[in-house]
1. Anything in segment 1052-1083 that is among the small types (Gly, Ala, Ser), out of contact with any helix residue (DSSP H, G or I) (no Cβ under 7 Å at 6 or more places or on another chain) and either under 18 Å from GLU1097 (Cβ atoms) or in a strand (DSSP E or B) (or both)? List them, or say none.
2. What number of residues within segment 1017-1051 are aliphatic (A, V, I, L, M), over 17 Å from VAL366 (Cβ atoms) and in a loop (DSSP other than H, G, I, E, B)?
3. Give the residue, chosen from ASP89, ASP135, that is out of contact with any Lys or Arg (no Cβ under 9 Å at 6 or more places or on another chain), free of Cβ contacts under 8 Å to residues at least 60 places away in the same chain and open to solvent by 70 Å² or more (accessible area, probe 1.4 Å).
4. Check whether at least one residue in segment 480-490 is under 22 Å from GLY539 (Cα atoms), in contact with a Phe, Trp or Tyr (Cβ under 8 Å, 6 or more places away or on another chain) and in contact (Cβ under 8 Å) with a residue 40 or more places away in the chain, and report yes or no.
5. Please specify each residue of segment 95-119 satisfying the condition of being open to solvent by 20 Å² or more (accessible area, probe 1.4 Å), under 20 Å from TYR133 (Cα atoms) and either in contact with a Lys or Arg (Cβ under 9 Å, 6 or more places away or on another chain) or hydrophobic (A, V, I, L, M, F, W, C) (or both).
6. Can you tell me which residue within segment 449-465, out of those that are among the β-branched types (Val, Ile, Thr) and within 17 Å of GLY415 (Cβ to Cβ), is surrounded by the fewest Cβ atoms within 10 Å (Cβ to Cβ)?
7. If I ask for residues that are more than 18 Å from PRO1017 (Cβ to Cβ) and open to solvent by 10 Å² or more (accessible area, probe 1.4 Å), which ones from segment 991-1005 would you list?
8. Condition test on GLY824, is it in a loop (DSSP other than H, G, I, E, B) and surrounded by fewer than 21 Cβ atoms within 10 Å (Cβ to Cβ)?
Amino acid sequence: MSSLSRELVFLILQFLDEEKFKETVHKLEQESGFFFNMKHFEDQVQAGEWDEVERYLCGFTKVEDNRYSMKIFFEIRKQKYLEALDRHDRAKAVEILVKDLKVFASFNEDLFKEITQLLTLENFRQNEQLSKYGDTKSARNIMLLELKKLIEANPLFRDKLTFPPFKTSRLRTLINQSLNWQHQLCKNPRSNPDIKTLFTDHTCTPNNGARPPPTNSPLVGPIPKAGAFPPIGAHSPFQPVVSPSASAIAGWMSSTNPSLPHAAVAAGPPGLVQPPNAAAFLKHPRTPTSAPGMEYQSADSEHLMKRMRTGPSDEVSFSGATHPPNIYSQDDLPKTVVRTLTQGSNVMSMDFHPQQQTILLVGTNVGDIAIWEVGSRDKLAYKTFKVWDVTACSMPLQTALMKDAAISVNRCIWGPDGSILGVAFSKHIVQIYTYNPTGELRQHLEIDAHIGGVNDIAFSHPNKQLCIITCGDDKTIKVWDAVGGRRQYIFEGHEAPVYSVCPHHKEAIQFIFSTAIDGKIKAWLYDCLGSRVDYDAPGHWCTTMAYSADGTRLFSCGTSKEGDSHLVEWNESEGAIKRTYSGFRKHSLGVVQFDTTRNRFLAAGDEFQIKFWEMDNTNILTTTDADGGLPASPRLRFNKEGSLLAVTTSDNGIKILANTDGQRLIRMLESRAFEGSRGPSEPINTKPQIVNALAAATNVSAPLAASLERSDRIPPPVSMSSLATMDSSRTADIKPRISDDVDKTKSWKLSDIVDSAQLKALRLSDPLSSGKIVRLIYTNSGLAVLALASNAVHKLWKWQRTDRNPSGKSTASVAPQLWQPNSGTPMTNDISESNPAEESAACIALSKNDSYVMSASGGKVSLFNMMTFKVMTTFMPPPPAATFLAFHPQDNNIIAIGMDDSTIQIYNVRIDEVKIKLKGHQKRITGLAFSQAMNVLVSSGADAHLCVWSIDGWEKKKSRFIQAPPGRSASLVGETKVQFHNDQAHLLVVHESQIAIYDSKLECLRSWSPRDALSAPISSAIYSCDGLLVYTGFCDGAVGVFDADSLRLRCRIAPTSYIPPSVSSNNSVYPLVIAAHPSEPNQIALGMSDGAVHVVEPPDGESKWGAPPPQDNGTLPSLPSNAALSSQASEPPTR
């Protein structure tokens, strides 16, 4: 909200107070959030009106905003709780405890427990800390003193505790001044005017009965003649407005002549007073005309005129805004599905390369980025998230990553010429890569950009130098030099997290639009003089903005918190909405995304489909569901020529839609793929690259310089417009982009690691004899490994921050420390007297924040504090004994517990109650896996049986026995494990006889069974953290690394490579369990049958295990692969 609008609210507050509208005053204080009335707050606290106290507070802060706010709400709710106890109203006290105080338990569980224990006391004053608690009135007064200190110290209340000083009845005074001014402008002023209404401008009726002048006539004198400039002189009372040209950006961001007391108040009809090139450009009203600017800011920026139009308008006329007639048809829209790509995790952002029309950049919810050649379905590059230089990170970032290592891509985008790309992450970080046409990505810059999430990233060229623009949860926009990462500007003024940025330029003026989640739109010049615009976006929540391809038309799309979506075109010259597009669902199920193409079409994802509009028509042009499988609000992105459209799918994939030109382009790439390799690939779908994209050559860093030097070798492009006339003889002369699959197969060799020099392996030190390692997991932070041995003892190894290991994450290069409690007593599970621990099925599960571990070894289930190693509680005594544990994905208080009597118990820890028992297996439960996306629980048992249970009602939806591999006729029995892929749809099933991938309908898509060099029974298997690999342990000590999509073997790790010779001579030593690192996809930990734990990763200089196996040119996980290509290929399911 602008400062004038803010001041208007204060004027209204004063008026309401003077008119004694007390309730309305406080309601406006709360809703505007501009003034915190401490007197009103004190009165409500002393009266014990707790609901009103919290309602009023919520207009200014929420519980989770900061530690001051949390303390304020805690003190209020604690007082309310104590007063209920003092009245002996225990029912009310319990209600307050559960509804109001429970939220603080996650921050201080011990304190919450102590508060809960007050219920057990006859008088809570028996508690030593509350022994001096007096009566209710004195307690409230004491609390008020504490609350006032907290409010005054809370930065969210800064500048909100003092009402601005101005004279009484100020609003009435301003209205009287306005009426006097209107009266002076009357053509026939009367000595005693009769003011009857404020709803229209005042005019005096002439005594002779002549017709009064219209109320909307210009107030600044006669309209000048067409084509002439109005007279502007020092003696003019007001300055007439020069109507800006269509290329102007605004009335949005204009200024008045600083020498005049008021902004211009009227304008002649459009076209009457338009000098040529009368472009009005950005100038802040408060800025003197002599203020210095950046070099590129021309004198045009001094000519901006402040003409704020109130309210949106559907009919806005301004000259020069002529658009070409509609020469397109619906056939120009890409609506035919030509490709389906499997990304493996939820796609958060996509962007097509600016020159190479079939190159797609993708970012996911687990921090991965990938670059696809959508024509050939090749994944040209893939990077998982990791911090490049932890030592350069701020402490808030290090703390955030320590607390929760999970990170998502919020936005990924190509630079203007495609030689650089940027990735904005959900925690602090921006990473910039350089890219060359061969698909190589090189690290260029890592910037700790914002406190909290980085919500958007963009590139711009102010002052002819490439810059990076970011915005984030810290309510700021920042501009960075793209060569060295130096911050150039920081723009502050938003009052909520900034959601998106949209840089643009008009003639010589560069500027940035920004939107925040409170619905505010602001605009900024590259200076430090504040925002030029303060407008409300429709929906008042998450909004993105985009220009048409030619830069002449501005659009925005946003969704409100209630789910109402708004796609609009803006009239830049007026700062008003020009048209609103119809056709959205009443309540959208997510934030709607949109894109523009060809200066003609708009597209948005809504209602599980893609909706298209023609820019000059507010009604929907057409829709498509892309053959089904889209999420409620799919993300989408056009390529630069509008021939292809990428859209996300609900199964963590991407569909590529094409129009006629796009299909022709895809077919051309396919035909070249089968012509054989003739040397380095040459892109046919590129436009000339800008060689010096970032800055002068002297400023380019080494990796960038290398990238830019290569750009002059890019072959001449062939544009999309020429594809239609290109004949087959020319097509045959083009060198193929991808090699034939047969050549891929010939060049691929299975990697066999037999020697310790071929990998990095570390046996973790352990002075204690512990028996077999039966369960092994990494902590979610990746800083430690937790093992459970067959004697019911837990062991925790932690890596420390050192010069050799600055990140402190687990690595095979540095030995960790075996963590021991001060008492010297390790975490040990309860053991059943009738069943020794060595013969019992052990199970373990770790909380998301690594604070607690739940575990069992045949006896009761124990809950341990990971900081103190102390048992917090035990439950579920045998029989039956727990054999597997899994936390509910939406409620950590609910646990699925597999039992040795073949049942599954759904247990609520908080109320110590079994909600339901699930029966469907014949033998003990050996595996449980939740899929939040499908809302199911999948169980597996020692009967080799799989069952799918609905989370909602816990009814069994489907079940089946796993299929025996070829040549094995007997039905299968034995321990069976299950794990969901990152996509939450595909299921890894592990049995001694096979590893297999099943879909959501329990159909086996592919399987692999032991043979050849890996012929021993399977002991364990697990997905890598990125879902691209499957690590499999064998009972002879070997480990196989498989491609997750095809189950083809990439690499075999022989036991001789990681087990010391003194041990490897004993063939009975093998990995009982494998753990995958939570953020390093190529690191695993092996829990061995002799009690050892090994950490294994590729050698220095190699980032991955083996070579990727040959692919069937885009084979999907759901399609059987060609087993003849490799002796280690997977098998299609038997029918």
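1. Going through segment 1052-1083, the residues among the small types (Gly, Ala, Ser) turn out to be 1054, 1057, 1062, 1064-1065, 1068, 1075-1076, 1079.
Then keep just the ones that are out of contact with any helix residue (DSSP H, G or I) (no Cβ under 7 Å at 6 or more places or on another chain); that gives 1054, 1062, 1065, 1068, 1075-1076, 1079.
Of everything in segment 1052-1083, those that are among the small types (Gly, Ala, Ser), out of contact with any helix residue (DSSP H, G or I) (no Cβ under 7 Å at 6 or more places or on another chain) and either under 18 Å from GLU1097 (Cβ atoms) or in a strand (DSSP E or B) (or both) turn out to be ALA1054, ALA1075, ALA1076, SER1079.
2. 2
3. Working: ASP89 fails: open to solvent by 70 Å² or more (accessible area, probe 1.4 Å).
Of ASP89, ASP135, the one residue that is out of contact with any Lys or Arg (no Cβ under 9 Å at 6 or more places or on another chain), free of Cβ contacts under 8 Å to residues at least 60 places away in the same chain and open to solvent by 70 Å² or more (accessible area, probe 1.4 Å) is ASP135.
4. Just the residues of segment 480-490 that are under 22 Å from GLY539 (Cα atoms), to begin with: none.
Scanning segment 480-490 turns up no residue that is under 22 Å from GLY539 (Cα atoms), in contact with a Phe, Trp or Tyr (Cβ under 8 Å, 6 or more places away or on another chain) and in contact (Cβ under 8 Å) with a residue 40 or more places away in the chain.
5. The first filter runs over segment 95-119 and keeps only residues open to solvent by 20 Å² or more (accessible area, probe 1.4 Å), leaving 95, 98-100, 102-103, 106-114, 116-117, 119.
Imposing the further condition that a residue be under 20 Å from TYR133 (Cα atoms) reduces the set to 111-114, 116-117, 119.
Once the filter is applied, which keeps residues that are open to solvent by 20 Å² or more (accessible area, probe 1.4 Å), under 20 Å from TYR133 (Cα atoms) and either in contact with a Lys or Arg (Cβ under 9 Å, 6 or more places away or on another chain) or hydrophobic (A, V, I, L, M, F, W, C) (or both), segment 95-119 yields LEU111, PHE112, LEU119.
6. So in segment 449-465, the residues among the β-branched types (Val, Ile, Thr) come out as 451, 454, 457.
Narrowing further to those that are within 17 Å of GLY415 (Cβ to Cβ): 454, 457.
Working: VAL454: 30, ILE457: 28.
Among those that are among the β-branched types (Val, Ile, Thr) and within 17 Å of GLY415 (Cβ to Cβ), it is ILE457.
7. The answer is ASP999, SER1000, LYS1001, GLU1003, LEU1005.
8. Working: in a loop (DSSP other than H, G, I, E, B): yes; surrounded by fewer than 21 Cβ atoms within 10 Å (Cβ to Cβ): yes.
Yes.
The values are calculated or read from the model by the stated rules, or taken from the named source; none is laboratory data. This one's a predicted model, so the numbers in the text were calculated from it and none came from an experiment. Note that each Cβ is placed from the backbone with ideal geometry, even for glycine, and that neighbours are counted across all protein chains shown. For the accessible areas, the whole protein counts, side chains as well, though only heavy atoms, and no ligand, DNA or RNA atoms are used. Shrake-Rupley method; radii C 1.70, N 1.55, O 1.52, S 1.80 Å.
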